[in-house]
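Working notes, structure below.
The values are calculated or read from the model by the stated rules, or taken from the named source; none is laboratory data. Note that the structure is predicted; figures quoted are calculated from it, not measured. All Cβ positions, even for glycine, are placed from backbone atoms using ideal geometry, and neighbour counts span all protein chains on display. We work out accessible area using only protein heavy atoms, side chains counted, and drop any ligands, DNA or RNA first. Shrake-Rupley method; radii C 1.70, N 1.55, O 1.52, S 1.80 Å.
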Amino acid sequence: MSKPLKQNFVELLEQHQNIVHKVCRLYTNNYDAHNDLFQEITIQLWKAFPKFRGDSKFSTWMYRVGLNTAITLYRKSKRTINTQQFDTVQFKISAEEYDSTEEEQLKLLYAAVHQLNDIEKALVFLYLEDKNYKEISETMGITEVNARVKMNRVKNKLRTILNP
């Protein structure tokens, strides 16, 4: 890889590294697993970067590589993904009058999302990242119609989980 290409990759990775961290948080439950997955995704991005043609935004391509790497890695290992209980996470908000309603709703949502399969989690993740269905379909390699259908099914599944 040429020096300008390397420089470009490093700059883009630094600029969009939060995407990789978000994917890692979604598919791991501890610091070491997070770092391992971050490293694996970075390696896959590095390997694939020379083939990146720019047909889509870099961030869309990065989501796709990151999600595919996470899903493939955990499917290959055939181990269940233990997730961190949201009860143990402390939210630090400097406010005297604190309403915990939103925090409780987030805990319930994350608990419900963790019950979904890998593909469904990826869909919800991209949806919550305010990606439109065109971007979701490009990232996941499915049609826009398929993305809409799958997302509606996932929403219904989440409603069932959250309102038994």
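Quick notes
- Restricted to the stretch 1-27, and to residues there that are free of Cβ contacts under 8 Å to residues at least 12 places away in the same chain and within 15 Å of the chain's Cα centre (by Cα), the residue that is nearest to His114 (Cα to Cα) is Arg25.
- For Glu144, the requirement of being within 24 Å of Asn156 (Cβ to Cβ), more than 17 Å from the chain's Cα centre (by Cα), modelled with pLDDT of 75 or more and exposed (fewer than 12 other Cβ atoms within 10 Å of the Cβ) is not met.
- In the stretch 146-164, the residues that are without any contact (Cβ under 8 Å) to a residue 60 or more places away in the chain reach residues that are outside any helix (DSSP H, G or I) and among the β-branched types (Val, Ile, Thr) with C-beta atoms within less than 9 angstrom, at least six apart or across chains, in these pairs: Lys150/Ile142.
- Here Asn30 meets the list (1) of a type outside the set (Gly, Ala, Ser); (2) open to solvent by 60 Å² or more (accessible area, probe 1.4 Å); (3) free of Cβ contacts under 8 Å to residues at least 12 places away in the same chain almost entirely, failing just condition (3).
- For the stretch 111-129, taking the residues that are more than 13 Å from Thr60 (Cβ to Cβ) and in a loop (DSSP other than H, G, I, E, B), the one that is most open to solvent (accessible area, probe 1.4 Å) is identified as Gln115.
- Residues of the stretch 123-141 classified as β-branched (Val, Ile, Thr) and either without any contact (Cβ under 8 Å) to a residue 24 or more places away in the chain or under 13 Å from Lys155 (Cβ atoms) (or both), total: 2
- Residue ranges of helices (runs of 4 or more DSSP H) in the stretch 1-102 with at least 1 members at pLDDT below 85 and within 22 Å of Tyr133 (Cα to Cα): 3-27, 58-77
- Of all the criteria given as (1) of a type in the set (A, V, I, L, M); (2) open to solvent by 40 Å² or more (accessible area, probe 1.4 Å); (3) in contact with a Leu (Cβ under 6 Å, 6 or more places away or on another chain), the one not satisfied by Ile43 is (3).
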